[in-house]
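Take a look at the structure below.
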Amino acid sequence: MNSPSLAPLVGAHPDALRALFAKGRAADPAELGDHPHGRLLAFGEGEGVFLALRPIVRVVSHSLLPWEGKTFDHGGNSGKSVILGRQVFRFHAEVAASALDGQPALVLSHAEPAHKNPWPVRAIVEELRAVGDGVAIGPVWLRGASASPRLLGWFGLEART
């Protein structure tokens, strides 16, 4: 794999992110490091107004988003989100089928009762596939009572150098 950066993917069209995700492989937390940097890449809704939303995504991702990334622990099978420098909202990580295409992805679930995450955090499921050395992207889903999860957006993690 090559060594892309998340920076050029911020504000990318969701179709381009889907295509890149489809070519990736299930992310390995060891390749991302213990504390990868995170970025919002695109909103899940609004593909019809993509050009209008693109500048908003770029501003939010670069300067307004309090979410900074993730931490991985226990050999990469769990971790927490990093928000404003604090580790919060524990997740469980495992390779499983993607809700997008059924292929393997690293799936981060916040739903385990032992994690005691508040709603709506426990309804969030994130997926990651490696698209380059130390770079992974994927969709963020909201799982509710219905069988089909709702795509909230796209995010990425990048190993810190």
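Bear in mind these aren't lab numbers, they're just calculated from the coordinates by the rules spelled out. Nothing here was measured: the structure is a model prediction, and the numbers come from that model. Cβ coordinates were reconstructed from backbone atoms using ideal geometry, including for glycine residues, and neighbour counts include every protein chain displayed.
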Counting other C-beta atoms within 10 Å, which of Trp67, Trp154 has the fewest, and how do the rest follow?
Trp67, Trp154
Taking the alpha-carbon distance from Lys70 and a cut-off under 18 Å, which lysines remain once sequence neighbours fewer than 8 residues away in the same chain are dropped?
Lys80, Lys116
Cα-based convex hull, the chain, per residue volume (Å³, whole number)
113 Å³
